[in-house]
Each structure stands twice: as C-alpha cells, then as structure tokens.
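Shown next, in structure tokens, is the structure this report addresses.
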Amino acid sequence: MNLYPVGQFPAVRPRRLRRSAALRRLVSETQLSVAQLVLPLFVRSGHKVRRPINAMPGVCQLSPDEMVREAARAQALGVPGVLLFGIPDKKDDRASGAYARNGIVQQAVRLLKKELPQLLVITDVCLCEYMTHGHCGIVKRDRSGARILNDPTLKLLARTAASHAESGADIVAPSDMMDGRVRAIRHELDRRGFTETPIMSYAAKFASAFYGPFREAAESTPRFGDRRSYQMDAANANEALREVALDVQEGTDIVMVKPALAYLDILYRVKTEYGYPTAAYAVSAEYSMVKAAAAQGWIDERAVTLESLLAMRRAGADIIITYAAADAAKWLKE
C-alpha cells in the first residue's frame with residue numbers, strides 16, 4: 001500500500017482531519033478498548049488482608065475474599081479477565097505449593113469461578129514463588145555452581161498447569177521460559193481431559209530490569225544468581241521470533257511479549273510474522289514509574305497510561321496485561 005500523498009500542499013492538508021475530536025475519532029487507525037485489558041492480582045492466604053506493595057502504589061497482596069472484591073470492581077468497569085499470581089505460606093525445593101490441590105492459586109480460582117462465573121480467570125504457571133531459592137526451575141548444585149534443570153522442571157510445570165485447569169482456570173499461562181514447556185503442558189492437559197483449556201505462553205520473555213517491583217509483590221527474588229540462563233537476552237530480536245515459533249509449534253494458543261513498552265519492536269514483529277492472538281505485558285516498573293512521576297506532578301498519569309497502552313495496541317497487541325487495567329477502564333468510559 002502506498003502511504004505517500006498523491007498530491008502536494010496546499011491541495012493536501014493532513015490537518016483538515018485533525019480539526020475536532022469527532023474528526024479525529026472518525027479517522028483513528030487504532031482503538032484501545034477495555035475488552036482488551038487483563039488485571040494481574042496477587043493472592044495470599046488469610047481474610048480481609050490487603051498488604052500494600054511499597055514499590056507498586058495502589059497494588060496489594062490480597063487474601064481470597066479481598067481478591068474477589070478487586071476482581072468484581074474490575075469486572076464492573078468492563079475488564080474481562082484477571083491473571084493470578086500466588087504467594088504461598090511455605091516454600092520448598094520442589095515448589096509443591098504450586099501444584100497442591102488446595103494451593104493458594106487453586107483456592108483463588110475456585111472462589112472466583114463460584115463468585116464471578118463470567119470473569120475470565122488466567123493463571124500464571126511458574127515455580128519461582130514456590131521455590132525456596134526463587135528460581136523458575138529445579139536447581140542442581142555441584143562444584144561448578146548451581147544450574148537450573150530444564151527437563152525435570154517440565155513435569156512440575158505440567159502438573160501445576162493441570163491443577164489450575166482442574167480448579168477451573170479458563171487459560172493457563174506458563175511464564176518460566178523452560179524449553180519445551182508448552183508441549184509438556186499441552187500433553188498433560190490433554191491427557192487429563194482438558195483439551196479445551198487454552199495456553200497463553202510467555203513466548204518472548206526477556207531478562208529485564210523492568211521486573212524489579214514485581215519481585216517484591218510476588219516475593220520471588222532469586223536467592224542467588226539471576227534468571228539470564230533461561231529468560232531472553234534483551235539484545236536478541238531474531239531469537240525472540242524463534243522462541244515464539246517453537247511455542248506455536250508446541251501448541252500454544254496465545255503468545256505473549258514481556259515486557260511491553262521497551263519491546264514494541266518485538267511485539268510488532270511477532271504479530272506481523274505469526275498473526276497469532278498476541279498479548280503484551282505492561283510490567284511492574286512500567287506501572288511504577290508512571291505512578292512515581294505522577295505523584296511528583298511531572299506527568300499526567302491518565303494521559304501517559306492511555307498513550308502507553310495505545311502504543312502496545314498499535315504495535316500489535318490484542319491483549320494487554322496491565323496493573324492499571326481498572327483505572328484505564330474507568331478513563332476509557334469517561
């Protein structure tokens with residue numbers, strides 16, 4: 001398609017279509033809708049618990065009853081779904097809380113599906129919050145140091161995803177970045193009869209400094225080392241496309257790029273190359289930086305948030321996971 005004007009000034013005046021809000025809406029190329037938003041929630045045991053997360057103003061760790069209230073508020077604003085992260089009471093080296101029948105996420109899913117049956121419930125499938133060491137897989141230590149074991153970890157991830165589906169999760173979302181985890185999860189879901197449960201894979205998840213506040217929220221900071229041996233190098237765009245291709249081949253239904261705003265080029269290429277339903281995760285630091293600047297009066301929180309989300313849509317995101325989902329939903333209705 002030829003995007004260059006067929007005429008010249010003064011016959012051609014692009015500003016003619018910018019004169020009023022009605023005209024601008026009429027020719028708008030990208031639409032941001034509340035129907036595309038997903039709200040992440042952090043759930044822990046207890047009753048009437050709202051534990052503020054210092055690094056993420058307005059976000060709390062929630063007990064199941066408070067989680068339902070937060071989810072109901074978002075749903076009333078039009079937000080169609082939530083993404084659940086669990087904070088267990090105990091951790092171990094096998095992440096047993098991740099796949100326990102009465103684990104915190106499993107409890108939360110059952111409660112949400114009972115109280116808010118029309119709400120889309122997505123569960124993060126990972127092990128880091130449940131491991132004593134804070135890594136996303138089984139660790140083997142020897143004289144050379146500590147290594148994350150890929151293949152043995154797949155069994156635990158598949159077991160976790162199946163336990164979420166059994167509890168009623170609408171979508172399972174593996175975020176660990178182990179090789180082959182989509183295939184392992186798809187096989188286990190199908191084996192247990194959950195053939196209709198979709199997978200939303202964190203297909204291109206980068207080892208990013210933008211995750212800092214999240215680690216406070218999820219209590220998942222690694223006790224040693226970092227996650228660069230399994231999360232992606234920020235310099236590698238072509239590798240991101242290969243990662244997405246592998247997940248598509250293994251049976252994912254939705255692919256995700258994480259983080260979002262600093263990786264819009266990746267998001268655009270993923271959507272253009274594969275055409276799959278594509279999610280973007282506006283991660284914790286993206287949210288916290290806007291909140292911090294707004295608190296100083298340096299920026300307009302509403303304008304910056306909506307412009308950032310619109311940029312993700314423009315780059316190709318069909319689904320946007322954001323801690324600002326409820327606020328954005330309210331602003332979009334005004």
Looking only at the stretch 224-251, and only at residues there that are within 11 Å of Ala204 (Cα to Cα) and among the aliphatic types (A, V, I, L, M), the one that is surrounded by the most Cβ atoms within 10 Å (Cβ to Cβ): Val244
Flag for Ala207 being surrounded by 14 or more Cβ atoms within 10 Å (Cβ to Cβ) and at pLDDT below 95: no
Contacts under 7 angstrom Cβ, first residue in the stretch 4-32 being part of a loop (DSSP other than H, G, I, E, B), partner open to solvent by less than 70 Å² (accessible area, probe 1.4 Å), 6 or more apart: Pro5/Val12; Thr30/Leu310; Thr30/Arg313; Leu32/Leu306; Leu32/Leu309; Leu32/Leu310; Leu32/Arg313; Leu32/Leu332
Test for Lys271: is it open to solvent by 40 Å² or more (accessible area, probe 1.4 Å), out of contact with any Phe, Trp or Tyr (no Cβ under 7 Å at 6 or more places or on another chain) and closer than 23 Å to Ala71 by Cα: no
Test: residue in the stretch 252-259 that is open to solvent by 60 Å² or more (accessible area, probe 1.4 Å) and of a type in the set (Ser, Thr, Tyr): no
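Answer with yes or no whether Met312 is at pLDDT 95 or above, under 13 Å from Lys258 (Cβ atoms) and assigned to a helix (DSSP H, G or I). Break it down stepwise before answering.
Values: at pLDDT 95 or above: yes; under 13 Å from Lys258 (Cβ atoms): yes; assigned to a helix (DSSP H, G or I): yes.
Spelling it out, Met312 is indeed at pLDDT 95 or above, under 13 Å from Lys258 (Cβ atoms) and assigned to a helix (DSSP H, G or I).
If you go through the stretch 293-321 one residue at a time, how many are in contact with a Pro (Cβ under 8 Å, 6 or more places away or on another chain) and open to solvent by less than 60 Å² (accessible area, probe 1.4 Å)?
Step one: list which residues in the stretch 293-321 are in contact with a Pro (Cβ under 8 Å, 6 or more places away or on another chain), which gives 295, 318-319, 321.
Those left that are additionally open to solvent by less than 60 Å² (accessible area, probe 1.4 Å): 318-319, 321.
Residues that pass the stated criteria total 3.
Quick one: which residue in Ala108, Ala72, Ala100 is within 17 Å of Glu166 (Cβ to Cβ), open to solvent by 20 Å² or more (accessible area, probe 1.4 Å), modelled with pLDDT of 95 or more and of a type in the set (A, V, I, L, M, F, W, C)? Even if it seems obvious, please write down each step before you answer.
Values: Ala108 fails: open to solvent by 20 Å² or more (accessible area, probe 1.4 Å); Ala72 fails: within 17 Å of Glu166 (Cβ to Cβ).
Selected residue: Ala100, the only one of Ala108, Ala72, Ala100 that is within 17 Å of Glu166 (Cβ to Cβ), open to solvent by 20 Å² or more (accessible area, probe 1.4 Å), modelled with pLDDT of 95 or more and of a type in the set (A, V, I, L, M, F, W, C).
The values are calculated or read from the model by the stated rules, or taken from the named source; none is laboratory data. Being a predicted model, the structure only gives us computed values, none of them experimental. Every residue, glycine among them, receives a Cβ derived from its backbone with ideal geometry; neighbour counts consider all protein chains shown. These accessible areas exclude ligands, DNA and RNA; they are computed on the full protein's heavy atoms, side chains included. Shrake-Rupley method; radii C 1.70, N 1.55, O 1.52, S 1.80 Å.
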